[in-house]
1. So, R0 is 41 Å and r is the distance between the beta-carbons of B:ALA25 and B:GLU117; what FRET efficiency does that work out to, to 0.05?
2. Could you tell me the center-to-center distance, by alpha carbons, between the stretch B:45-67 and the stretch B:4-42 in angstrom?
3. Taking Cα centroids, how far is the stretch B:76-153 from the stretch A:35-74 in Å?
4. How large is Rg/Rh for the protein assembly as shown, to two decimals, with Cα atoms and a Kirkwood Rh?
5. Is it possible to state the helix-based mean residue ellipticity at 222 nm for chain B, with each DSSP H run of 4+ residues giving -39500 (n - 2.57), the sum divided by total residues, to the nearest 500 deg cm²/dmol? What is it?
6. What number of lysine-lysine pairs in the protein assembly as shown show an alpha-carbon separation below 30 angstrom, given a sequence spacing of 8 or more or placement on distinct chains?
7. Can you list which of the GluC sites (Glu not before Pro) found in the stretch B:81-147 are DSSP loop residues with at most 11 other C-beta atoms within 10 Å?
8. Please return the longest range in chain B lying between exposed loop sites, taking trypsin sites (Lys or Arg not before Pro), DSSP loop only, at most 13 other beta-carbon atoms within 10 Å, and leaving the sites out.
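Coordinate-derived values only; no laboratory data. Everything numeric in this text was worked out from a predicted model, so none of it was measured. Quick reminder, even Gly has a Cβ in these numbers, built from the backbone with ideal geometry, and neighbours come from all protein chains shown.
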Amino acid sequence: MTKTVTLPKEDVRTETALGGPWRVVVLNDPVNLMSYVVLVFRKVFGFDDQTARRRMLEVHEQGRSVVWRGLREKAEAYVFTLQQWHLTAVLEPDEAN
Amino acid sequence: MKRIEVKLAVPIVAPLLDVIREQAAGLRDALAGPTGLPDADPDLGESWGGELLEAQRSEIDALLGLFGEEFFREGAVSFDGDNAEVILRACAAVRLRLREHALKTLGDDTLETGELEISRLPRDVNRAFRCYVFLATLQEVIIQHLDESILGG
């Protein structure tokens, strides 16, 4: 006979947050050059020139662009690298997925 | 390895180096831009910021190192695949700090468009803005000529 176990709510939420999808978002800043942002996107994510330019224009015109989605650990590594390049990058839970 | 040499007018650039040195001092202890993670535990946050700051210090040292005795003798600086990336980042860090400090009065729209009468700016702001533009020019030159070295590195 299996006994019903009630899991603490906080533990369940933590597990979901770490294991679920996250997104790396780059925010606009008035300082970094467009060509610099394109280069960083190509270098960090391996985007081709066209994709990198499209993402850069999203950042410039819409104020933000989601540049990567996936597990938290890798997303953190991308945010770190982007911050090392002095871009404004944040990590958000990917609630759309 | 591809290497480029950029000739600069020492009398024009020398005063801008003072601006870079002033900002560099601030960048030894403070990061140029917003950093961090949501919900990061304090240990991770500390190590995260510490590693970024250490990298930033190396970048700034590399930038200042460009303008040593040789620069004042020859009036030239050189870039190649070994220093292009760190110099690019250092320029970004100094420009971000200029925005937060010496150029705070200009406003983001002005910084983004560059549309202003430089001659009407107060002396300190004038010097800081010329430095801001100078660093952007260095970045453009590096990106134009060494992008493949950076992407391949």
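1. 0.90
2. Their Cα centres are 9 Å away from one another.
3. Here the answer is 21 Å between Cα centres.
4. 1.05
5. On the way: 6 runs with 102 residues, N = 153.
Counting only the DSSP helices, I get -22500 deg cm²/dmol.
6. Close lysine pairs under the 30 Å cut-off: 4.
7. Listed in order of number, the matching sites are B:GLU115, B:GLU117.
8. On the way: sites that count: B:LYS2, B:ARG28, B:LYS104.
Here the longest segment lacking exposed loop sites spans B:29-103.
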